[in-house]
Each structure stands twice: as structure tokens, then as C-alpha cells.
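Read the structure below first, then the notes.
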Amino acid sequence: MELLLLFPIIVSLIVASSLVAHFFPLVPVSLLQILCGVGLSFFIHGSFGLDSEWFLLLFIAPMLFNDAWRFPKRELWQLKAPIIANAIVLVFLTALGGGWIIHLLIPVLPLSVSIALAAALSPTDPVAAGTILSRIKIPDNLLHVLMGESLLNDASGLVAFKYAVSATMLGSFIWHDALFNFIYISVVGALTGFFLISFLDWGTEFIRKHGANDEILQVIISILTPFLIFFIAEEVEHSSGVIAVVVAGILTKLRNNADYNSSFEFDVLSESIWRALAFVLNGTIFIMLGMQLPLAYKNAIISSHLNLFRGIIYGVLVWFVVFLIRAIWTYANEYLSFKKNPNNSSAPSLMGSAIMAFSGVRGAIALAAVLSIQSVSGDAFPHYYLLVFIAGVAVILSLVVASVMLPILTKRAGAVSSLPVDVQLIDQESEFNINEIGQREKKHKFISEESARIFQLRSGVQALKLQLHDAEFGNQVVNAKQAVIYDLVFDRQQKINDLQLKIDQQSAKKLATKERDFRVIALTAEVKTIEKYRGQRKLSTPVYHANMRGVKWSLRDVGRKRSFSFQWFLRLIRRTLQVAEMKISRTDSVQAKKENAMIHRARAKAGIKALTDYLETKKIDKYDQQAAFNTIINYRSWLAKIKASRTFNKNYDASMMELSLSALKAERDAVQQLFEANRISRLLGIKLLQEINFAETSALSADGS
């Protein structure tokens, strides 16, 4: 059957299986898609395979990029220790230890083949588990660890799988060469992903600034990005395209969160298109597995005179080995964390370890890895069809067992407790007056588009400011809702500044000069505060150097517009230097974390106080007011997040949607007011209202991602 005809059939089966799963939610959609693939195989003669490089390029690259792009950055950072441990250490432990045990249990499989099988099954798949987890409630920290490790363990699992396949085909394996090669492809792959996504971001920003604001074009560029990065990393740099794509996806996520110039229409379009693409790719993988199972059964069971029952038992044994390693690892990890820090860690729980173990459902990445072997060696790879059959049984079993056990275990585990949040803020908000719009354009019937947008944004700012509570200096307690207000106001104020630069460059440059001056005042106060705490011996040497280095680099960059990628790179360097200095000086990491929180709080307070003290001794004009507001609101947002807990993050996300919609409602009313006053044309009014509609859709969809 022609490939072009096969593709719409596969997509139709994906849609049909999803509809069936909607009406029968107890059945995982991935299992239905495998069954669809089995049925489709009876109408197709021969095997269906892709070249391994094309397979990884077409399926793995976009899937990993999408997972990295959608993952919440705060949870990724807060749970970095268990995520990295599960994504790297557990994967290699499963590949090597699990492969050795599988070889002992199934002697027919050579050791290198067993390791390849274990490595392919080591990554977890959140999409395969999605339909199961959507019906139950598991603790947020477990859910975020699952999401985080699935983002990173795909890379480590595929790297381990690649080496095991190479060792099988070449018949030898040199440890020091493999270690050097692993370091090379990992480091070069990460750097390739970083520099390529930075270049693409710069190019996108460049064409956007020069009028190419077509959101569809930008979405197409974002879709092509993982394919381009993977291809260059693999074919040009000979490094890991998987790692390059993951790094690029994470940076894209961070950049999108920090880009206040991003179009809401682009956010909505890219979110919808990427979800559709991931939906099709994941479904295609499971259907392709189903298409391979009858052929694998024929070649591995019938042709080899292997009993079907024994073949299924092999699959069950492999699944149980991988499951048992994950369960023991999870419990041991929790036990060691509790022994090391009993005050901040929960006691190890067999129930929690079981939930974590059963949640590690295997899926598309594992299947893609196994299916890609055929194009490398075909039937020449030892026991290829037996490998596919065992992997298929293990994946199906992980889906079925998770569907049955997770609802039972989570029901017994009961509700999840929440941690309290205690985030302090100082100072009253600086006065912010909105001037009348269009003063210079009264002689014209319509105001300019820039002036209309400024009026719209300022209306949103005013609506957000009404949500703030009055408080005395030093006594205000900041909750997540207030932190959201500061962030939303700051983003809108930056957009206003850019629009003012287009209307009145002289005034905008004067405002920028004021902001630079205030920024220098605040940063100078931060330097003095760091020196003060160092003199009082409240800071260890690594924490002192890291904070002083950050402030001095910020002072050097005052007035310069650095790209987000460059700023992120500088933060990474500072963090790396701090970690290295801590290791050398043997500074306790828990104590360093407390010191960092303390000095960050003190720095933010010192910056705000220095600005307010300066303003009290000076006669200020409207530029001083606006520049001070822009600077202080940024410090307020930072201060509000310093002691953020997981509860804070959850409340922050909920408040973000609520307050975004509230501000957008005020902006909609402002546009309507301009239109009714005959200050803007009907065409411009429709355009602005349409953008607000996109912004509302983006705010609603962001809450679910």
C-alpha cells in the first residue's frame, strides 16, 4: 500500500480510537491504537519501517521539543534533584542493571541486546499515562517529577540504547571510548541546541521588528525548529540531536515566558498546532507498534518454534524487572532524602513508591527506539522480532496495570497536604498617573494606533492596580495574587514604553535615561547590602561571590538590551561558578540556599528603599514617576517570589488566569470607549478587539498547560 494512502488511514484510526476512548475512559487510548495497528496489519503485506535517522527526525525530535516546551519551568527547577536522579541515574541503572537481569532470566537474548531492550524501556511516557492520570488525582510533586523526568530521560535512554545497539552490531564495547563519546555528544549537543535556538530566536525577533508579523509564518518556523536543530546536531556536529532538541525546547519555554512582545495570536496558534501534531505523532507510534506485532509474532514465535505463552512470559518478566528497579529506586531515594534532611523531607512511603513505579508507563519513545532498529540492520540484528514482541508486551502491560492499579492506590493514599506560603513585601506602591490620551492628536479625528494601544494597556494597568491592597511600609504580606499583578503590570508597562518610543522618541529616550539612572541607584544599594552582610559574616564565600558577581554584571549591562538567550547563558555561568566554588570550599548546600534567600530578600528591599529615599529628596516629574514605577514593580515581583513554595506556584497560576481576564476585560472596555467616542476607526477597533480575544484564549489555555 502506498505510503501517501497509508498516512490518512493511520490518522483516521487515531481519531477513531480517541473517540472510543472518550466514551470508554477506562480503556487507555494508547492500547486502542495498538489494537488498531494490529487490525491494519492484516491489510498490509510485508513490514513497515523507516530509516533510523529519519525515524528519530520525524517522530522523536518534535515530540521531545513539544514536551520540553510545555513543561512548567518553576517545578522543573524546584524538583531538579529527583528529576535529574530519575532521568539520568535511574535510566542508566535500568539499562545496565536491568539488562543484566534480563539476560539472566532470558538467556536467549545476548547481554548487549538485553541492555538495548532495557535502555529502550527505561524512558517513561507522560502522553501514554495522560489518559490514566487525567482520571485520578496524584500528588503534585509526583506529577511534576514524572513530567520532568520524562522530559530528560528520553535523551539519556536513547543515548544508552544507541550504544547498546552499536555494541551488538560491532561485537565489542570500549568503556573509555564510550564515556568520552558520551561526554562529547552531550556537551556539544547541548551547546548546539543553545546556540541554534538563540540564533533562530534572534532571527525571529529581527523579522518581527521589521514588520514581518505574520503569526502563521512564525508558527511554521517554530514547527521546523526541532527538525532543523536535530538534523544539524546529528549530521553536522555529530552530537546528540536528542539533547540539542530538549535544550532548545526548554529555552523556548523560558523565552516565551519572558517575551512581553509575543503575540497572543501566535501563542494560541502554536499551542493548538503543536497539540495536534503531538497527538498525531504519538498515535502513529502506537499504531505502528500494532502493525509490527503480528509480523513479530510470526518471526519470533512461529518461525523460531517458540511457545506463545513463553513469549508473553518474557514480556511480563521484562516489565516486572523494569518496574521493580523503579520501585526500589524510588523508595531508596525517599529514604536517603529523609535521613539526610528529616525536617524538610517526608518519610518514605511504600504507597508513594508504588504510585511512582506504576506511573512510569512506557510508550512512544520506547517503541520508536525499538522500531528504528530494523532500518539499521533489519533481520541481521539478533532477535529483532523477539525484541519487538517483548517490548510490545511490556508496553501494553504497563498501560493495563497502570489503568487498574493507579486508581486503587491513589484512593487509598488519600488527599495531599499543602504547604503554607509566607512571602514578605515592603513599601507602598509608587504613585502612577495616567495622562490623557491623544493630547497631541486633537486636531485629527482619529488617534494613532500606538496611542490607542497605550490607552488600552494603561486601562488594564489601572484595573490591576485596583486589586492591590494598601499596606504600611514593611508590613505588607504578599500572596500569589499580588505577585501576579506585579508581573502583569510590568509586562504591560514594557509594551507601553516600546509604543511611546514610536510616538515620541525624545520623551521615550528621556524615560529610558531615567530608568537607567534609577537602576544604577538600586544596584548600588544592592552592592552595599551584600558587603554589609558579608562584613557581618552572614554570607559564605561562594554565596557572597555569586551575588556580587551577578550585581556587578547587571551594573555593567545597565542600558543595554541583551537577548533572552544571552541573559540565560550569563545566569547559567554564574550558577555554575557558584556550584563549583561550593564544592571546592565544601559549603553546605542547604545553608547556601538559606543564605541566598536571605540576601536576595535584603537586596530587593535595599533597592526599593534606595529609590524611595532618593525620590523623597528630589522634586520629581512625570518621567521620574514612571521610571521609578517601572523599576520598583520589577523589584516587588522578585521579592514576592523569593520564598515561593509549591502552594504559591499553584495559586500563582490560578491567579494569573483570573487577573489576566480581568485586565483584558478593562482593555476591551477601553477599546469600546475609544470607538464610541469616534477616536479610532472601526477597522482598528476590530483589530484590537480581535487581539484581546486571542489574549483571552491564550490565558485560558495557559492554565491547562
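The values are calculated or read from the model by the stated rules, or taken from the named source; none is laboratory data. Values in this document were obtained by computation on a predicted structure and should not be read as measured data. Cβ sites come from the backbone with ideal geometry, for glycine too, and all protein chains shown count toward neighbours.
Summary of computed values
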quantity	calculated
Conditions (1) touching a His at 6+ places or on another chain (Cβ under 9 Å); (2) at positive phi: number failed by residue 537	(1)
Within the stretch 179-195, considering residues that are aromatic (Phe, Trp, Tyr) and either in contact with a Gly (Cβ under 9 Å, 6 or more places away or on another chain) or under 11 Å from residue 244 (Cβ atoms) (or both), the one surrounded by the most Cβ atoms within 10 Å (Cβ to Cβ)	194
Residue in the stretch 602-618 that is of a type in the set (Phe, Trp, Tyr), modelled with pLDDT under 85 and assigned by TED's automatic domain parsing to the domain that holds residue 489 present	yes
So residue 258, is it surrounded by fewer than 22 Cβ atoms within 10 Å (Cβ to Cβ) and at pLDDT below 80	yes
Pairs with Cβ under 7 Å, 6+ apart, first in the stretch 349-366 and in the same structural domain as residue 391 (by TED's automatic domain parsing) and over 14 Å from residue 331 (Cα atoms), second in a helix (DSSP H, G or I) and of a type in the set (Ser, Thr, Tyr)	361/398; 362/398; 363/30
Cβ pairs under 8 Å, 6+ apart, first in the stretch 367-381 and more than 23 Å from residue 399 (Cβ to Cβ), second at pLDDT below 55 and aliphatic (A, V, I, L, M)	375/50
Selection within the stretch 582-606 - within 15 Å of residue 519 (Cβ to Cβ) and either out of contact with any Ser or Thr (no Cβ under 8 Å at 6 or more places or on another chain) or surrounded by fewer than 17 Cβ atoms within 10 Å (Cβ to Cβ) (or both)	604
Close pairs from the stretch 298-325: first farther than 21 Å from residue 358 by Cβ, partner surrounded by 19 or more Cβ atoms within 10 Å (Cβ to Cβ) and modelled with pLDDT under 80, Cβ under 7 Å, at least 6 apart	299/385; 300/385; 306/300; 308/301; 311/300; 311/301
Pick from the stretch 505-542, criterion in contact (Cβ under 8 Å) with a residue 12 or more places away in the chain and not in a helix (DSSP H, G or I), ranking: nearest to residue 589 (Cα to Cα)	540
Helices (runs of 4 or more DSSP H) wholly inside the stretch 1-105 that include at least 3 residues being at pLDDT 75 or above and assigned by TED's automatic domain parsing to the domain that holds residue 291	3-23, 29-41, 61-70, 80-84, 90-93, 99-105
Unmet requirement for residue 136, which otherwise passes all of (1) in a loop (DSSP other than H, G, I, E, B); (2) at pLDDT 75 or above; (3) aliphatic (A, V, I, L, M); (4) under 30 Å from residue 279 (Cβ atoms)	(2)
